[in-house]
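Read-outs: derived from the displayed coordinates by stated rules, not from any lab. These numbers come from a predicted model, not from an experiment. With ideal geometry, Cβ positions are generated from the backbone for all residues, glycine too; neighbour counts draw on all protein chains shown.
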Amino acid sequence: MEAKYVVQAVLRHKTLVAAIIIVTLGAAGVGLWLAPKTYNSAATLSVAAAPGSTAQIEDLDALRSSVGELANSQDVVAQVSERLDGARSPGELRDSISGKWVQGTVLVEISVSDSDAKMAAKIANTVAEVLPLYDLSEGGLVFTTSNPAQTPTTFSSPSLLLAAGVSVALALLLSVCGALLRERRTVGLGDAADVEHLVDAPVLGTLASPKDPTTLPALYPGTAAADVFRHLRIRLEAEASADPVSLLVVAGVVGGEVSVWLGANLAVSLANVHRRVLLVDGRVGGQESSPIAAPGTLGLYDVLTGADLGDALSPGPVDNLTVLPAGDWGGESAESLLETRFAKVMIQATERFDIVVVLAPSLSACEDARIMAAGGSLVLAIPERGVTRSALRRHVEDIRAVGVRLLGVTVIGKRADRLLRS
């Protein structure tokens, strides 16, 4: 996954990212507060040579090392437990006490870990009191508690620094994962260049989602609403100038009436400039949306099953526009009819018309749009929200895998002529 894509996802969903970070850090703080704590305390015992002692330095250092090792010996911890009135058992004390000689000095450090801060200091000081009773030098050493253990003001485990680092890392990881998951659930489109990079096809235009998808604003040339489709037609013709298009399939990525509204208005706009246009309702069997002709009217189904194309044509709402409705679908398999007969019917249609515009079911509903566009071109209607980026890439890959020409895409958003960032 590209770093740029991750950064864009985080920026698009920064509110979600901030919420995840706050919740994660809050939960980590509560967990840290509730977690069992361990407190460390240490007492320092000075072990010096007794006055008049003739012992060698090496021997004294060996004795100091032995004193450190005695700190958690069985006899010492038993004595300490007794002095603590059994508040800690000898077994607990052996695990919590450690002693060591600080090399190069006369000091022996006694360290204690305990769940109670005051008890940790008390145990360390008690060990310092008991150790002189087990003098291995037989009076050759003098024991003095140079630094009594103090009650620790903060716990040593869990580590605050480590916990903070892990919490921050976890919060960042979860926030990025949350942003990517949200990104997979909804496409947050950036500018036109971002969309074109995503689908590897030109953006023909950005249209505002219609309040009523049954309207045909292209019927009224000169109006602002009709100009939107005029500009879309001009972009479409420019893209097809090097390789003219006679069969144009219009489909949405997801279901709904928007792609029908787009295709029908585009057909009207083409007819307004004196192109002979056939508008075909390819939504077989009425599986998506409502048909564009009354029930009982001959249509695409009848032509695919043997009827004459001319008998199924109906005049459109403007000159130069003819309509081939879907027809009443019977028992024949739609997939079989489209795969075996649709291309032949479209050849007949393109011989009679300058351009054939087919309204196809959405890519998410079935494979019909890709079948219908074989040998022609496809225009996709992409919602600004509501489809994952990975799903969109997969649809585009499937389109190109069967050799269909993706002429361009139209983004359907909240406003026309711009792409909104999330």
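Fewest Cβ neighbours within 10 Å first, please rank D75, D311 accordingly.
Details: D75 12, D311 9.
The most exposed by this proxy come first: D311, D75.
Say R0 is 30 Å: what FRET efficiency, to the nearest 0.05, do E397 and D354 get from their beta-carbon distance? Write down the numbers at each step before the final one.
Working: r = 31 Å, r/R0 = 1.04.
So, using R0 = 30 Å, E works out to roughly 0.45.
Using only the alpha-carbon atoms, how far is helix 343-352 inclined from the longest principal axis of the chain? Give it as 0 to 90 degrees, nearest 10.
The angle comes out at about 50 degrees.
Sort the following peptides by mean Cβ neighbour count (other Cβ atoms within 10 Å, averaged over residues), highest first: 363-371, 236-244.
Listed from highest to lowest mean packing, they are 363-371, 236-244.
To check you understand DSSP bridge types, tell me what percent of the beta bridges within the chain (both residues inside) are antiparallel, rounded to 5.
Details: 22 of 52 bridges.
For the chain, the DSSP antiparallel bridge percentage is about 40.
Report the FRET efficiency, 1/(1 + (r/R0)^6), for A35 and T151, where r is their Cβ-Cβ distance and R0 is 25 Å, rounded to 0.05.
For A35 and T151, the calculated efficiency is 0.80.
If you add up the charges near I123, with Lys and Arg at +1 and Asp and Glu at -1, over every other residue whose beta carbon is less than 9 angstrom from its beta carbon, what do you get?
Values: positive: R88, K122; negative: D114.
Result for the local shell: +1.
Principal axes first, then extents: for the Cα atoms of the chain, list largest minus smallest coordinate on each axis, whole Å, largest first.
Principal-axis extents of the chain (Cα, largest first): 127, 45, 36 Å.
Distance in nm between label sites at S314 and E69, each 7 Å beyond Cα in the beta-carbon direction?
It works out to 10.3 nm between the two label points.
For the range 43-138, take the convex hull of the Cα atoms, compute a quarter of its surface area, and give me that in nm², please.
Working: hull surface 23.7 nm².
The orientation-averaged projected area of the Cα hull of the range 43-138 comes to 5.9 nm².
Test of understanding: what is the full-extension gain from A19 to L133, defined as 0.36 nm times their sequence separation minus their Cα-Cα distance? Walk me through the intermediate numbers first.
Working: separation 114, 0.36 × 114 = 41.04 nm, distance 6.03 nm.
Here the answer is 35.0 nm.
Between the DSSP loop rule and a limit of at most 11 other Cβ atoms within 10 Å, which trypsin sites (Lys or Arg not before Pro) in the range 190-288 are left? Each step should come with its number before you reach the end.
Values: sites: K211, R230, R233, R235, R275, R276, R283; in loops: K211, R275, R276, R283.
Taking the range 190-288 and a limit of 11 other Cβ atoms within 10 Å, the loop trypsin sites (Lys or Arg not before Pro) found are K211.
Highest first, please rank the peptides 158-164, 11-17 by the mean number of other Cβ atoms sitting within 10 Å of their residues. List each step's numbers first, then the result.
Working: 158-164: 12.4, 11-17: 16.6.
Averaged packing, sorted descending, gives the order 11-17, 158-164.
Could you work out how far the C-alpha centroid of the range 113-157 sits from that of the range 41-93, in angstrom?
Each part reduced to its Cα centre gives a spacing of 9 Å.
Net charge near P315: determine it from the other residues with C-beta under 15 Å of the C-beta of P315, scoring Lys and Arg +1 and Asp and Glu -1.
Numbers: positive: R276, R352; negative: D281, D311, D319.
My count for the surroundings of P315 gives -1.
Residues with beta-carbon under 15 Å from that of D135, excluding D135: net charge, scoring Lys, Arg +1 and Asp, Glu -1? Write out the running numbers ahead of the final one.
On the way: positive: R64; negative: D59, E69, D75, E129, E138.
Result for the local shell: -4.
Using Cα atoms only, what is the angle between the long axis of helix 258-272 and the major principal axis of the chain, expressed in degrees (0 to 90) to the nearest 10?
The angle comes out at about 40 degrees.
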